[in-house]
Amino acid sequence: MGILSFSLVVVCIIKMVVAQPATDPNEVAALKKLVDYWNLNDKLNLTIDPCNKDATWAPENENPRIACECSSTVCHINHLKIYALDISGVIPRELFELKELMDLNLGQNVLSGPIPPEIRQLSKMQYLSFGINNLTGPVPHELGSLTKLVSLSISSNNFNGHLPTEIGELKSLEQLYIDSSGLSGPIPEELSNLKLLHTIWASDNSFSGKLPEFLGTLTNLKTLRLQGTNLEGPIPLTYGALTKLEDLRIGDLSEGESSLDFLGNYASLSILLLRNCHLVGELPKQLSSFSNLKILDLSFNKLTGQIPNSFQDFASLQYLFLGNNNLKGELPESIISPNLVALDVSFNSISGSLPLNFAKVGLKVNVVGTSINSDNLYDERASTLLQCLDNTKCSNIATSNSFSIKCGGMKQVSTSGIRFDDDSEELGAASYYAGSDNNWAVSSTGSFISNPNGPQSIAQTDTQISGTLDSELYKTARTSSSSLRYYGLGLKNGKYAIELHFAEIQMEDTRSWKGLGKRLFDIYIQGERVVQDFNIQNEAGASKKALVKKFEGNVTNKILDIHFFWAGRGTCCIPVQSTYGPMVSAIHVSKVGDEVSSSKSDKKRVGKVVGIAFGCAAGLLIISSIFYLWWMKNSAAHQRIYTGSPTKALTS
């Protein structure tokens, strides 16, 4: 190449560089203020143009990330991601100077305050996420101006008030994430305009009124989650039109009976969870036609009748939860599908025997509270205890007036001398375990659906637990995604003092977004709810801090039932997926009457000791007095001898 040709190439390159458009100066100024405000200078060094394609923040997988769209004359910032970097403070108004934004992700931070009404200025926005922050105030109706929105997430915040009706203007919306956002009131009917919606997460809100029938018109829905709300049944028949559903979770309805008549042609359904919905009627045979169903949870309802033999067609089924219903008849052998991992039929009027193939490797079964003969599944002691819970056979169990359990951990003696039994066996999605001394048992059911390989039935930490002299007692805990029950067995009838030990060892209380999680669950004693929406961390005042809750319970049939129940409330995914549900560190139960008798007995023993001591002292005093009088008498006589007549004495 000649010198002239080379020079021309250099000139062309220079012209290309010079001609490369720069970012809109107003946007650059606004972005710099945002970077300063959120203290991101070490991650976004804006000494170069924000839209420089060679910048470290330009690649798609970077965080933080800035991306742009450029014309021949100017570049505009259309993508801003500042995700899980713990930025704090309010949302600065400078953000709304970036009017060309199409994708804004500020999720998993600790932003506070309201969403400013200036949000309406981002009219080109398609993907907007404020999920997992500490935002407050009402959800602004100005969001309805963002008519190009495809995805909106405001999950896990502390908003108040209703979901604005203007959301119904977002006719391009496909994904709506509003779970754990603090909303209340009815779900606005204007959502029926959102015909493109395929995902709705709306659990853990205080929505009121009946389940909306209009949701059945959103026929593109693939995922619908409505657990832990104040909504009422029945489940509308219109939901049968949602034939594209893959994940349907409705739970914890406040009232109103429902049936399963609404079930449609759910050929794509993988998860069907209708737990605690006041379901009545029988199990429809068509359930087995859902060929892709992997998880079926119909527990804690009022279902009647028998389990259909057609359940043998559930080739894909992995988890089947039918516990706490009114089902009857014998358990059909055909209920076992090739891929079945867990089966819960506890607390039903089901009888018969478990088929031998129930003992196959990996299958977890819970038949507590049934009349099923489980000899081929459990040892003799466990089988006896199972029948005891059905009130049919308790005579072989020795009577007791106390029990103590180290939930989720090895046996331990506390500083006060209480011996807590070992409870360290890993429980599956449907399990029952009997204590070694025959006087207690534990029953657990439920699967962490979103993260089955994540949190298990035992939580543990190496961190020191504050607020106690027994830190080791709280470093492990038993957990569950649904229902966790402990039973005292063979107890003498009477009143019992119940101490429940807690410490939140999974959720953090740092200033990070990881500290924004909320664990809520209910506590029942002998079937009566004694605490609703119990939050360990809030009551203890911190994570990794011990808390003891004290209750009383009456035993009339040798059994004490302590039930920890997740009612769909609290966050699901902070600090990791599937962090929710009940958690308990230890249990100590003792008979109140025996404690009083023991106290009186101790006082009597003390009285006897004091009496004996007093008697000994009195006796010693009497003896001393007698000796003193004797001594005085003899002393006086001696004085008369020595002082009466010295001469006589000397001459005697």
Members of the range 54-98 that are buried (at least 16 other Cβ atoms within 10 Å of the Cβ), of a type in the set (D, E, K, R) and in contact with a strand residue (DSSP E or B) (Cβ under 9 Å, 6 or more places away or on another chain): ARG65, LYS81, ASP86
Is it true that VAL110 is in contact with a strand residue (DSSP E or B) (Cβ under 6 Å, 6 or more places away or on another chain) and closer than 14 Å to GLU169 by Cβ? no
Okay, strands (runs of 3 or more DSSP E) sitting entirely in the range 415-484 with 3 or more residues that are under 21 Å from PHE347 (Cβ atoms), I get 430-434, 440-445
Quick check, is LEU46 touching a His at 6+ places or on another chain (Cβ under 8 Å), surrounded by 17 or more Cβ atoms within 10 Å (Cβ to Cβ) and part of a loop (DSSP other than H, G, I, E, B)? no
Those residues of the range 163-173 which are outside any loop (DSSP other than H, G, I, E, B) and either in contact with a His (Cβ under 8 Å, 6 or more places away or on another chain) or of a type in the set (Val, Ile, Thr) (or both), in sequence order: THR165, GLU166, ILE167
Where a residue in the range 409-434 is more than 18 Å from ASN366 (Cα to Cα) and among the acidic types (Asp, Glu) and its partner, wherever it lies, is assigned to a loop (DSSP other than H, G, I, E, B) and modelled with pLDDT of 95 or more, with Cβ under 9 Å and at least six apart: ASP421/LYS411; ASP422/GLY409; ASP422/MET410; ASP422/LYS411
Take PHE300 and decide whether it is among the aromatic types (Phe, Trp, Tyr), modelled with pLDDT of 95 or more and in the same structural domain as ASN366 (by TED's automatic domain parsing). yes
From the list TRP513, TRP566, which one is aromatic (Phe, Trp, Tyr), in contact (Cβ under 8 Å) with a residue 24 or more places away in the chain and within 19 Å of SER457 (Cβ to Cβ)? TRP566
Considering only the range 513-522, I want to know if a residue exists there that is in contact with a Lys or Arg (Cβ under 8 Å, 6 or more places away or on another chain) and surrounded by 21 or more Cβ atoms within 10 Å (Cβ to Cβ). yes
A careful count of residues in the range 204-214 that are touching a Ser or Thr at 6+ places or on another chain (Cβ under 6 Å) and either of a type in the set (A, V, I, L, M, F, W, C) or over 21 Å from CYS573 (Cα atoms) (or both) gives 3
Name every residue in the range 494-509 that is in contact with a His (Cβ under 9 Å, 6 or more places away or on another chain) and surrounded by fewer than 18 Cβ atoms within 10 Å (Cβ to Cβ), in order of residue number. ALA497, GLU499
Among residues of the range 566-577, those that are farther than 11 Å from ARG519 by Cβ and buried (at least 20 other Cβ atoms within 10 Å of the Cβ), counted: 2
Mind listing whichever residues of the range 523-557 are under 23 Å from THR468 (Cα atoms), of a type in the set (Gly, Ala, Ser) and surrounded by fewer than 17 Cβ atoms within 10 Å (Cβ to Cβ)? GLY541, ALA542
Of the conditions (1) among the acidic types (Asp, Glu); (2) in a helix (DSSP H, G or I); (3) in contact with a Pro (Cβ under 9 Å, 6 or more places away or on another chain), GLU539 satisfies every one except a single condition; which number is it? (3)
Could you run through the range 99-136 and say how many residues are touching a helix residue (DSSP H, G or I) at 6+ places or on another chain (Cβ under 8 Å), surrounded by fewer than 21 Cβ atoms within 10 Å (Cβ to Cβ) and farther than 17 Å from ILE167 by Cα? 3
Picked from the range 303-339 (must be buried (at least 23 other Cβ atoms within 10 Å of the Cβ) and aromatic (Phe, Trp, Tyr)), the residue modelled with the lowest pLDDT is PHE314
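For (1) over 24 Å from ILE574 (Cα atoms); (2) small (Gly, Ala, Ser), each residue gets a yes or a no:
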{"residue": "GLY185", "(1), (2)": "yes, yes"}
{"residue": "GLU189", "(1), (2)": "yes, no"}
{"residue": "ALA202", "(1), (2)": "no, yes"}
{"residue": "ASN220", "(1), (2)": "yes, no"}
{"residue": "PRO234", "(1), (2)": "yes, no"}
Tally, over the range 299-323, of residues that are of a type in the set (A, V, I, L, M) and out of contact with any strand residue (DSSP E or B) (no Cβ under 6 Å at 6 or more places or on another chain): 4
Of the residues in the range 263-272, how many are within 30 Å of the chain's Cα centre (by Cα) and free of Cβ contacts under 8 Å to residues at least 60 places away in the same chain? 6
Determine, yes or no, whether SER112 is of a type outside the set (D, E, K, R), part of a loop (DSSP other than H, G, I, E, B) and either over 32 Å from the mean Cα position of the chain (by Cα) or within 30 Å of SER512 (Cα to Cα) (or both). no
Those residues of the range 137-150 which are surrounded by 19 or more Cβ atoms within 10 Å (Cβ to Cβ) and within 27 Å of the chain's Cα centre (by Cα), in sequence order: VAL139
Mind counting the residues in the range 397-433 that are under 24 Å from the mean Cα position of the chain (by Cα) and at pLDDT below 90? 6
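The values are calculated or read from the model by the stated rules, or taken from the named source; none is laboratory data. Because the structure is a prediction, the values reported are computed rather than measured. Neighbour counts run over all protein chains shown; Cβ positions are idealised from the backbone, glycine included.
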